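Here is the structure we will look at, set down as structure tokens.
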Amino acid sequence: MDKYKEKLLENVKTHINNVVEKIHIRLEITRSETNKGPEELRKLKGEDQNAYAQLLYYKRKKLAELIHLKGSPYFIKTEIIDEDGEEKNYFFSKHEFSEESIYSWVAPVASIRFENPGKVSYKLPDGSTKNLIIKKKEQYMIVDGKIIFFALENEGQERELIYQEHFTKQKSEFALPEIVAQMEKAQDQVIRANYRGPLVISGPAGSGKTTLALHRVAYLTQAPETAQYYKDGSIIVFVQDTGTKEYFSTLLPGLGINDVYITTFSEWAFNILNIEGYSYIERFGENDEEKDLYEYMKLKSLRDKNIVSWNKNIFNTLNSQYNEYFSSINEKIFNKQKKEKKLDRFDLVVLLKSYFEKYKKFEIKRSYQTFVKDKLVRKIEKTSVLYSLMIIDEFQNYLPEQLNIFKNCLDEYSKSIVYVGDIAQQVKLGTIKNWEEVGEIVLPDRNVKLSKVYRNTKNILDFIKSLDYKVEIPERIKEGPAVLEKNLNSFEEEIKHIKEHIHQYEKGSIGIISKDDSYLSNFKNEFSNMKNIHILSMLESQGVEFDLVFIVGLNRDSFKIDHILDTSNSHIEERKRMQKDLIYVSLTRAITELHLLGKDNLRDILETI
């Protein structure tokens, strides 16, 4: 590094240290205030107690923001000349720290961070415009107070890299892509779009859909012009599984979002219906043919027959709905399902629709703490289920009936709902085919389509494209190892292969994926003590990612569909398309390295579907 760059880097390091020190001082003061808060609260009564409780809540929220800022105080610095000719420095971060001119990324002025040096303008909430001149712009990535990346832009010059630390991209946790500080300008405009009405963010796996959706939530809940519509506790995020739920729960506080209900459809439905002693199952039956036929008959009943009256004996309700559509084989499966107290998505939709038709609303129990005669007690209350904002992750996996149930719980004024997914990646029967099925009118400027895939290496994307899947490969994407295909005839050989290749990913995340969940039992036993290895079916893997992925048990028989479901065979064609989409989903789980193991070559399998 030359002396010019060294000096710039040292100046930034000095500034970061000074800012972090001031943040630390404010953090300790705020921590002290929050620690004393409960004692002070007990001394107050009536309205004063409620007012102080609200103040204490905001202090705790500020404490969480300061803890984040201490490690990453800002990611953009702009040197500007304002309308009065005064020179100033504006810093932009995830949270505000006004003492050091650090603005939250949702502040109106923060939109200038996407502009090139020169004359720029931005709009205030009242509609007026501010004009500025950006003299210089600096971009950083700061982690735990340490500079990882530093670039500089001057007017009329190319962006110059000042410093970049060499660091591994392997992950120590099971997670989706991290939220990044810098987004494209076009994406920023999407995040700031009008709050009313549906917004669709679609694109292939790894294109940044989730990142964009979560920034949208953060903006709506924190921007001055919209925050009033999105109160704490009124936002819900529907995710596919517990792994994604855990990720969102960890991620959202870093964006300043602390009171959002993150749930799966089944968890939410069990809660709404107050069902205890039952468990959720994705598909029920001894084999794919039984599962398919069972699902098709349930779907036919749901679509062709009016919903039966609500009965607190839930299996009586379900039996009344399905009985005239079930064959003798279906009835045996249903009786087994009843005995095991398991419910699938079709069952929950029938029960929710039946319940709603009877009561015209959903209610949910909420526990809370309050003071009664100077004693802190826990109480339970029932409240109507109504959300100011919904995020539906992987929307393409929901039945139209599920989405309509969600919409019954959405605030009528704003109708704020964000659909995130890819309608070309449908891996479940009967899911949404078009927006007319759920009565949504999605305007062109609110139908955001991302095309480039940023998750995977060029070699992985080239391989996927060679299988005739539609993939757009960005320029300058990282290369990575070639995709490895190996014919192995048993799970023992596959386990041996995996053990030979995982040593270099000890600090990374590893996924073992198979079409059939039952095939994975031996892998679960073998690798149960390795926390960085995650073993999932192809269906379960949607929405997650790993540094290294092994797809095991590949053989033609797993994907064969030879049962006849109806005279038109339309369901057979849908099932075949779903099988191909399922393979695509599993291939795109790999960030760096992908191994395909089994008796048959993947290209041959795809040709037989």
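The values are calculated or read from the model by the stated rules, or taken from the named source; none is laboratory data. Here the structure is a predicted model, which is why all the values come from computation and not from measurement. Cβ placement follows ideal geometry from the backbone for every residue including glycine, while neighbour counts extend to all protein chains displayed. For accessibility, only protein heavy atoms count, side chains too; no ligands or nucleic acids. Shrake-Rupley method; radii C 1.70, N 1.55, O 1.52, S 1.80 Å.
Of the listed residues Ile477, Ile432, the order by accessible area with a 1.4 Å probe, largest first, is Ile477, Ile432. In straight-distance terms, cross-link reach from Lys452 covers every one of the aspartates and glutamates whose alpha-carbon lies under 15 Å from its own, apart from those fewer than eight places away in the same chain; here that gives Glu184, Asp422, Asp462, Glu472, Glu475. Using C-alpha pairs under 8 Å with a sequence gap of at least 6, the mean separation divided by the residue count of the chain gives a relative contact order of 12 percent. Between Leu594, Val427, Asn397, the Cα set farthest toward the positive side of the dipole of the chain (charges on each charged residue's Cβ, about the Cα centre) is that of Asn397. Applying both filters, DSSP loop and at most 14 other Cβ atoms within 10 Å, to the GluC sites (Glu not before Pro) of the range 506-609 gives Glu506.
The charge dipole of the range 68-150, taken about its Cα centre with unit charges on the Cβ atoms of Lys, Arg (+1), Asp and Glu (-1) only, comes to about 380 debye. Taking Val143, Val20 and ordering them by how much accessible surface each has at a 1.4 Å probe, largest first, produces Val143, Val20. Here the label points at Lys338 and Asn194, each 7 Å from Cα along the C-beta direction, are separated by 5.2 nm in the simple model. Taken along its three principal axes, the alpha carbon spread of the range 104-163 comes to 39, 30, 11 Å, from the longest extent down to the shortest. When the chain is described by a simple charge dipole with +1 on each Lys and Arg Cβ and -1 on each Asp and Glu Cβ, the residue from Phe523, Ile364, Val549 located farthest towards its positive end is Ile364. Computed about the Cα centre, the dipole magnitude for the chain is approximately 1560 debye when only Lys and Arg (+1) and Asp and Glu (-1) carry charge, each at its Cβ. Can you check what the net charge comes to around Pro108, using other residues whose Cβ is under 9 Å from the Cβ of Pro108 (Lys, Arg +1; Asp, Glu -1)? Within the 9 Å Cβ shell, the charges total +1.
Per residue, the chain reaches -11500 deg cm²/dmol at 222 nm when only DSSP H runs of four or more residues are counted, each adding -39500 (n - 2.57). The convex hull defined by the C-alpha atoms of the range 219-350 has an orientation-averaged projected area of 10.3 nm². Available extension along the chain between Glu246 and Arg31 is 74.8 nm, counting 0.36 nm per residue and deducting the alpha carbon span.
Taking all Cα-Cα distances within the range 49-148, those exceeding 16 Å account for 62%.
Name the GluC sites (Glu not before Pro) in the range 373-461 that are in a loop by DSSP and that have at most 14 other C-beta atoms within 10 Å, would you? Working shown, then result.
Numbers: sites: Glu381, Glu394, Glu401, Glu412, Glu436, Glu437, Glu440; in loops: Glu394, Glu412, Glu440.
Filter output for the range 373-461: Glu412.
Report the paramagnetic label zone for Thr383: residues of the range 207-249 whose backbone N is under 11 Å from a point 7 Å from Cα along the Cα-to-Cβ axis. Only 231-235 pass the distance filter. Each Lys and Arg adds +1 at its Cβ and each Asp and Glu adds -1 at its Cβ; summed about the Cα centre, the range 291-401 shows a dipole of about 680 debye.
Within the chain, DSSP assigns beta bridges of which about 45% are antiparallel (rounded to the nearest 5). Would you mind checking Lys13/Lys59; Lys465/Lys515; Lys70/Lys119; Lys341/Lys560 for any pair whose Cα atoms are more than 24 angstrom apart? Distance filter (> 24 Å) returns Lys13/Lys59; Lys70/Lys119; Lys341/Lys560.
In this rough spin-label picture, where each label sits 7 Å from Cα along the Cβ direction, the Tyr52-Asn601 distance is 7.6 nm. Quick one: which of Lys353/Lys382; Lys300/Lys361; Lys291/Lys478 span more than 30 angstrom between C-alpha atoms? With Cα atoms farther than 30 Å apart: Lys291/Lys478. For the range 1-96, GluC sites (Glu not before Pro) are listed when DSSP marks them as loop and at most 10 other Cβ atoms sit within 10 Å of their Cβ; the list is Glu83, Glu86.
FRET efficiency for the pair Glu573 and Asn131, taken as 1/(1 + (r/R0)^6) with r the Cβ-Cβ distance and R0 = 56 Å, rounds to 0.45. Of the options (1) 65, 28, 22; (2) 34, 31, 23; (3) 44, 34, 23, only one is semi-axes √(5λ) of the Cα gyration tensor in Å as computed from these coordinates, and that is (3). Think of the range 8-89 as a dipole: +1 on every Lys or Arg Cβ, -1 on every Asp or Glu Cβ, centred on the Cα centre; then among Leu8, Leu69, Asn89, Leu69 lies furthest on the positive end. Listed by chain and number, the aspartates and glutamates whose C-alpha is less than 12 Å from the C-alpha of Lys531, apart from same-chain residues fewer than 8 away, are Glu173, Glu506. Each label point was placed 7 Å from the Cα along the Cα-to-Cβ direction; for His503 and Asp2 their separation is 4.4 nm.
Per atom type, the chain shows carbon and sulfur on 47% of its accessible surface, probed at 1.4 Å. What are the lysines whose alpha-carbon lies under 18 Å from the alpha-carbon of Lys449, with same-chain residues fewer than 8 places away excluded? Hits, sequence-local ones excluded: Lys185, Lys209, Lys433, Lys470.
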